[in-house]
Amino acid sequence: MLVRAAKGGDDGAFGELVRRYDRNVFRIAQHITQNREDAEDVVQDAFLKAYTNLQQFQEQSKFLHLAGSDRRQRSADEVAPAPPRTHGVAG
């Protein structure tokens with residue numbers, strides 16, 4: 001019901017979805033990033049993306065999937081070490 005209302009433009013319904021799922025999304029993001037500030041950024045971006053893509057969401061799916069679809073990849077990208085730089089040609 002909340003997803004349907006949010007898709008219909010009810011920002012209060014989307015806010016309720018965020019309140020219901022933000023703790024779970026944050027916990028996963030913090031586990032991946034190992035950093036509170038990075039996890040907060042990931043959560044904010046995840047819910048922004050969820051809001052932006054709300055119309056494409058299939059109502060029979062779980063909202064957490066929409067909020068988290070990009071979260072795991074983005075988190076992994078943020079904490080992945082940069083590839084080593086090479087200065088010169090190996091030979």
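Before moving on, here are some points about what is shown:
- Note on the range 13-24: residues that are farther than 17 Å from residue 3 by Cα and either surrounded by 17 or more Cβ atoms within 10 Å (Cβ to Cβ) or among the basic types (Lys, Arg) (or both) total 1.
- Leading residue by the ranking (surrounded by the fewest Cβ atoms within 10 Å (Cβ to Cβ)) among those in the range 38-56 that are more than 16 Å from residue 24 (Cα to Cα) and touching a Lys or Arg at 6+ places or on another chain (Cβ under 8 Å): 55
- For the range 1-19, a residue qualifies if it is without any contact (Cβ under 8 Å) to a residue 24 or more places away in the chain and assigned to a helix (DSSP H, G or I), and the qualifying residues are 5, 11, 12, 13, 15, 16, 19.
Only the coordinates and a few stated rules stand behind these numbers; no lab work does. None of these values were measured; they are calculated from a predicted model. Virtual Cβ from ideal backbone geometry, glycine too; neighbours counted across all protein chains shown.
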